[in-house]
Amino acid sequence: MSVSVIIAAGGSGQRFLSGPKQGPSRSKLFFSLGGKPILAHTLDAFQGIREIREILLVIPPGTEPWVRTHLLKGRPSGSPIRLVRGGKTRAESVWNALRKSSPRSDWILVHDGARPFPPKKRVQELLRKGSQSDGIILGRPVVPTLKRVAPGNGRVLGTVDREDLFEAETPQLVRRSILLKAYKNNSKAFLATDEASLLESIGARVKILPHSEWNVKITTKEDLSFAEAFLAQKEALPVTAGFGRDTHRLVSGRPFYLGGLKIPFEKGTLGHSDGDALLHAIADALLGAAGLGDIGDWFPPSNPRYKNLRSEKFLKQILKGVREQGWKPARIDTVILLEKPKLGPYKERIQKEVARILDLAAELVSIKAKTQEGLGPEGEGRAVTCEALALLRRTA
Ligand code: MG
C-alpha cells in the first residue's frame, strides 16, 4: 500500500481567531500547544509510518514563509512534506492537494490539521483494513440523546435513535482513483464536509472504524486548554531525581545539628540557621529534582527571620512546595563526610528523624557516613560536608 497524506489546514479558524489578530499567525493551527505549533503535532502523528510516501500540507494562502521557518525548518527527516495552497472550502483545499498527489499512491489519507492527536494505533488499523473497501474512516459512536426539533418553534418532534449513528472524524482513508472520480462527478463537490460523503455521492463503499479514544478537534480556545492539559499529562515524567551538597565549618561554642538531631560534641556548625548540613543537602536535592531552585533562593541568609531557625522548618516548607508541583519523595540517599564524632551510634536515629520530617518510611532513607582519612577540611575536623540524592515520584 502506498499512501499520500493530505493534511487539511487551509482554513483560518474564524471562531478561534475572532478578536484581535494574533501576531504573524493567520491560522489557529499556528498557535502554540506544548511549546510548538498545533500543526507540528499533527505532522508528528504521521512520522515514521512505512506506507506513507508523502505528506501534502494544505495551508492558508500567504503563510508559506511562516510555515517554512516555524514548522518545516529543523524537522526530523521522514516522509517528504509538500506545501499546497488552501482553497475557499475544506473540500476545495483537499482537491488542490489531491491533484498534486503522486499518481503512484493508490490511497489518500485525509486528516484535519486541527486534530493534533489522532490515535496512532487506529491510524495503523485504518491502513491495515483499507483494502476491504473504497474508503474507511474513523468514527465515534454517538453517545448523547438526540432530539429532532421542528424548525422555527423549537418544539421537540421526537428522539433520534442513536444506535446506528456515528460522528465522522479523520483520518479518512480513501482510494485515490475513487476520490478523483467523486470530485469529477459531483457538481457540489466543493461543499462536501468530508471525503466519505464524496464517496457516498457516487455510491462507493465506505466503512467506519469505530473508536472512542481522544481525537480532539481544536475549534475553540477551551479545546486548546484541554489539549495542553492532555499533553502535559502524557509527557509528564513519572520520576525525577535531584542532587544536593552542603558544607559547614565546625567551630567551638555552637551546637552540632545533623539530620535534625542534636549530637553531643565539643564543636558545632557555624551557620546562619542551625547549620544542619545534612538537611540542607536534602533540601537542595528535593529542590533540584522538582526544578524549584536552591535553598538560598527560598531562604536568603540575608533575611534575619531565618537566623538560628531549625532546618526542619526549611525542609518542611520545601517539601510542601515540592508536593504542590505534583511530586513526592520516593527515596533519599545521603553521604556524610565527617572525621569526628563517629556517627555509628547516631545513624539509625538520624535515618528515623529524616524519614519523620519527610513523612517517609525509614527504609526509604539511607544515611551513610565516611571519614576522609585525615584529608581535607573534613578530614582535619574543620568541617562537615553532606551529599544527598532525592528520587521523587509523581503524585497524580
Ligand atoms: Mg547550609
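The values are calculated or read from the model by the stated rules, or taken from the named source; none is laboratory data. Keep in mind the model is a prediction, meaning the values are calculated, not measured. Because the Cβ atoms are built from the backbone with ideal geometry, glycine has one as well, and the counts that use them run over all protein chains shown. The protein model used for the area step is the full one, side chains on, heavy atoms only, and it has no ligands, DNA or RNA in it. Shrake-Rupley method; radii C 1.70, N 1.55, O 1.52, S 1.80 Å.
If the condition is being more than 27 Å from the chain's Cα centre (by Cα) and of a type in the set (A, V, I, L, M, F, W, C), then the stretch 86-126 contributes ALA91, VAL94, TRP95, ALA97, LEU98, TRP107, ILE108. Every condition in (1) open to solvent by 10 Å² or more (accessible area, probe 1.4 Å); (2) in a helix (DSSP H, G or I); (3) not charged (D, E, K, R) holds for PRO341 except the one numbered (2).
Could you tell me whether SER212 is away from the ligand (no atom under 16 Å from the Cβ) and without any contact (Cβ under 8 Å) to a residue 60 or more places away in the chain? Reasoning before the result, please.
On the way: away from the ligand (no atom under 16 Å from the Cβ): yes; without any contact (Cβ under 8 Å) to a residue 60 or more places away in the chain: no.
So SER212 fails the test.
Residues considered: LEU138, LEU146. Of these, the only one that is buried (at least 16 other Cβ atoms within 10 Å of the Cβ) and in contact (Cβ under 8 Å) with a residue 12 or more places away in the chain is LEU138. Of all residue pairs spaced 6 or more apart or on separate chains, those with beta-carbon atoms under 6 Å, a first member in the stretch 74-87 that is touching a residue at least 12 places away in the same chain (Cβ under 8 Å) and a second member that is assigned to a loop (DSSP other than H, G, I, E, B) are GLY78/GLN47; ARG85/PRO61; GLY86/GLY10; GLY86/PRO60.
Matching residues to (1) within 14 Å of the ligand (Cβ to nearest atom); (2) in contact (Cβ under 8 Å) with a residue 40 or more places away in the chain:
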site: LEU237; (1), (2): no, yes
site: THR240; (1), (2): no, yes
site: ARG245; (1), (2): yes, yes
site: LEU250; (1), (2): yes, yes
site: PRO255; (1), (2): no, no
site: GLY260; (1), (2): yes, yes
site: ILE263; (1), (2): no, yes
site: ASP274; (1), (2): yes, no
site: LEU279; (1), (2): yes, yes
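Within the set LEU109, LEU126, LEU157, the sole residue that is more than 30 Å from LEU57 (Cβ to Cβ) and either hydrophobic (A, V, I, L, M, F, W, C) or open to solvent by 30 Å² or more (accessible area, probe 1.4 Å) (or both) turns out to be LEU157.
Being part of a helix (DSSP H, G or I) and out of contact with any Pro (no Cβ under 8 Å at 6 or more places or on another chain) narrows it down to one residue among GLY130, GLY158, GLY87, GLY152; which is it? Result: GLY130 is the single residue among GLY130, GLY158, GLY87, GLY152 that is part of a helix (DSSP H, G or I) and out of contact with any Pro (no Cβ under 8 Å at 6 or more places or on another chain). Restricting GLY275, GLY296 to those that are over 28 Å from the mean Cα position of the chain (by Cα), of a type in the set (Gly, Ala, Ser) and assigned to a helix (DSSP H, G or I) reduces the list to GLY296.
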